[in-house]
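*Asks:* Have a look at the structure that comes next, please.
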Amino acid sequence: MNQKSSAIQILKSVPRVLTSDTSQYNALTQAQIAALPPRWCLMRTAGMDKAGWVAQRFITPDQSGEDQAQVPSQGYQAPHGNAPQFDQGDSDDVVEGARALVDELYYHQIEADAAGGPGPLDPVNSFMYFTDDIVAWLNSGNVQAHPLFGAQDFDGSVQSARPDPDRPMFRGMVTINVDFTNFGQPQRAVFYLRADTTKPGAPFRIFNVEHDGWSYP
């Protein structure tokens, strides 16, 4: 799938399947594939200087020319990297934007594991998800367990990120839970996000993550 526009090019579109085993997708029937959650598309700017994953629901045809696509500005702005940015005016939109950011974080990691290339924890990408202190920690060489899975190895599946049911947002801080199974054991990672006022536009970034028994930064 190669659709081009003056600003954004779609390189690849895939169903959103959060699993470490890509053979599961290859074994699906057409009916099962049709029932999957919405697709994600790998986007690239015309200058080829930036690329990243964008949920297909944010992409609409550009009527200015053939085979073109654009990201609309209705509560969603084309990200400077591959991390979603969102309108901070409505609390529901803010929570959904934070949830989408964490969801993409895991999708990006699993896609990188399956296809190769730099993942979301790589220095070229981590700043688009995390605050600067976490980025520094990720690059410190002192990380003992996987920051997303809380263990050195991962073999399992990840559920969609969900806002905390008791307190999704409190005083500008959004709490997002990610439940996953690793080697048959159910686990949860809790992500805390807030506007990063040190960056232009104050985009939401992850500033703290809690696993069972430990947290970072």
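*Asks:* Go through segment 153-187 residue by residue and tally those that are under 15 Å from residue 91 (Cβ atoms), surrounded by fewer than 17 Cβ atoms within 10 Å (Cβ to Cβ) and of a type in the set (A, V, I, L, M, F, W, C).
*Replies:* 2
*Asks:* Another one. Exactly one of these conditions fails for residue 171: (1) more than 25 Å from residue 198 (Cα to Cα); (2) basic (Lys, Arg); (3) without any contact (Cβ under 8 Å) to a residue 12 or more places away in the chain. Give me its number.
*Replies:* (1)
*Asks:* For residue 172, state whether it is of a type outside the set (A, V, I, L, M) and touching a Lys or Arg at 6+ places or on another chain (Cβ under 6 Å). Even if it seems obvious, please write down each step before you answer.
*Replies:* On the way: of a type outside the set (A, V, I, L, M): yes; touching a Lys or Arg at 6+ places or on another chain (Cβ under 6 Å): yes.
Considered against the rule, which asks whether it is of a type outside the set (A, V, I, L, M) and touching a Lys or Arg at 6+ places or on another chain (Cβ under 6 Å), residue 172 comes out as yes.
*Asks:* Oh, and also: Of the residues that make up segment 197-217, is at least one of a type in the set (Val, Ile, Thr), surrounded by 16 or more Cβ atoms within 10 Å (Cβ to Cβ), free of Cβ contacts under 8 Å to residues at least 60 places away in the same chain and under 16 Å from residue 98 (Cα atoms)? Walk me through how you get there before you give the answer.
*Replies:* Taking segment 197-217 and keeping what is of a type in the set (Val, Ile, Thr), we get 197-198, 206, 209.
Then keep just the ones that are surrounded by 16 or more Cβ atoms within 10 Å (Cβ to Cβ); that gives 206, 209.
Checking the rest, the ones that are also free of Cβ contacts under 8 Å to residues at least 60 places away in the same chain come to none.
Scanning segment 197-217, I find no residue that is of a type in the set (Val, Ile, Thr), surrounded by 16 or more Cβ atoms within 10 Å (Cβ to Cβ), free of Cβ contacts under 8 Å to residues at least 60 places away in the same chain and under 16 Å from residue 98 (Cα atoms), so the answer is no.
*Asks:* Could you tell me which numbered condition residue 111 fails, if it satisfies all but one of (1) surrounded by fewer than 13 Cβ atoms within 10 Å (Cβ to Cβ); (2) out of contact with any Phe, Trp or Tyr (no Cβ under 6 Å at 6 or more places or on another chain)?
*Replies:* Unmet condition: (1).
Rule-based calculations on the coordinates, nothing more; no lab input. Source: prediction; values computed, not measured. Positions of Cβ are backbone-derived with ideal geometry, glycine not excepted, and every protein chain shown enters the neighbour counts.
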